[in-house]
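Below is one structure; the comments refer to it alone.
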Amino acid sequence: MKKDTAGRLNDPASSREQLRAKVVDAIAQTMDLYGVNYTFGQLYGIMFFEDRPMTLEEMQADMKMSKSNMSYAVRSLIESKMVSKLKEKDARKDLYVAETNFFKAFQSFFTTKLQREIDVMKHAIEEVIPSLSETILELNTSDEERKLCLEDLHKLKHALSYYEWLQQFVNDLETGVYFDGRQESR
């Protein structure tokens, strides 16, 4: 779903900028599919095409966003490892740069998101299984309740096996097993 673009994307000065705006929009739409705010995706797209690090003020001017929204957008992109804050400073302002290698961006983004899912779900399941097992073993548990608890226990153990598999997938993704050397910058 195409949305209104922000800042300099509204008024591209050259045909190259018009073409970039199409790709930036596609990046934003794609990131939106994965739960990243569309505007944050636009910001990433703008930063993707920059040949140098950017300050918050430059991003703010390009996107026509408030300083607080811009800070939130940058923090979100940093958490997703789509953007990095550079250690050096220019004129006492923080500098940020987008990850332009899509293999590395994919690797970072999905390992972060999937690891969060694994951690949240395994914690909940591992917290529930002992209590569920106790309910099954209690003498005063009705046969119907025991049967339902056994069904839940079976489902949760199956889910745990999925999260063990997913953890191995994430570990392999982090080490680059699936990239065949492609994640290196060209």
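Evaluating Glu174 against the criteria (1) open to solvent by 90 Å² or more (accessible area, probe 1.4 Å); (2) closer than 30 Å to Glu58 by Cβ; (3) not hydroxyl-bearing (Ser, Thr, Tyr) leaves one unmet condition, (2).
Evaluate the following for Phe179: is it open to solvent by less than 70 Å² (accessible area, probe 1.4 Å), assigned to a loop (DSSP other than H, G, I, E, B), touching a residue at least 40 places away in the same chain (Cβ under 8 Å) and among the hydrophobic types (A, V, I, L, M, F, W, C)? Yes; evaluated as a whole, the condition is true for this residue.
I'd like to know if the range 103-113 contains one or more residues that are out of contact with any helix residue (DSSP H, G or I) (no Cβ under 8 Å at 6 or more places or on another chain), hydroxyl-bearing (Ser, Thr, Tyr) and buried (at least 18 other Cβ atoms within 10 Å of the Cβ).
Quick first cut of the range 103-113, residues out of contact with any helix residue (DSSP H, G or I) (no Cβ under 8 Å at 6 or more places or on another chain) only: 103-106, 108-109, 113.
Keeping just the survivors that are hydroxyl-bearing (Ser, Thr, Tyr) gives 108.
From the residues that got through so far, the ones that are buried (at least 18 other Cβ atoms within 10 Å of the Cβ) too are 108.
Yes, the conditions are met somewhere in the range 103-113.
Picking from residues in the range 120-171 that are free of Cβ contacts under 8 Å to residues at least 24 places away in the same chain and within 21 Å of the chain's Cα centre (by Cα), the one that is most open to solvent (accessible area, probe 1.4 Å) is Trp165.
Name every residue in the range 5-32 that is at pLDDT 65 or above and assigned to a loop (DSSP other than H, G, I, E, B), in order of residue number.
To start, the set of residues in the range 5-32 that are at pLDDT 65 or above comprises 11-32.
The answer is Asp11, Pro12, Ala13, Ser14.
Taken residue by residue, the range 162-173 has no member that is in a loop (DSSP other than H, G, I, E, B) and of a type in the set (D, E, K, R).
Considering Leu77, Leu114, Leu43, which residue is touching a strand residue (DSSP E or B) at 6+ places or on another chain (Cβ under 6 Å) and either closer than 30 Å to Tyr162 by Cα or in a helix (DSSP H, G or I) (or both)?
Values: Leu114 fails: touching a strand residue (DSSP E or B) at 6+ places or on another chain (Cβ under 6 Å); Leu43 fails: touching a strand residue (DSSP E or B) at 6+ places or on another chain (Cβ under 6 Å).
Exactly one residue qualifies, and that residue is Leu77.
Cβ-Cβ distances below 8 Å connect the following pairs, each with a first residue in the range 46-57 that is free of Cβ contacts under 8 Å to residues at least 60 places away in the same chain, a second residue that is basic (Lys, Arg) and part of a strand (DSSP E or B), and a separation of six or more residues or different chains: Thr55/Lys93; Leu56/Lys93; Glu57/Lys93.
Looking across the range 40-55, just one residue is open to solvent by 30 Å² or more (accessible area, probe 1.4 Å) and over 21 Å from Leu19 (Cα atoms), and that is Pro53.
The values are calculated or read from the model by the stated rules, or taken from the named source; none is laboratory data. These numbers were taken from a predicted model, which means no experiment stands behind them. All Cβ positions, even for glycine, are placed from backbone atoms using ideal geometry, and neighbour counts span all protein chains on display. Areas reflect the complete protein model, heavy atoms only, side chains present, ligands, DNA and RNA absent. Shrake-Rupley method; radii C 1.70, N 1.55, O 1.52, S 1.80 Å.
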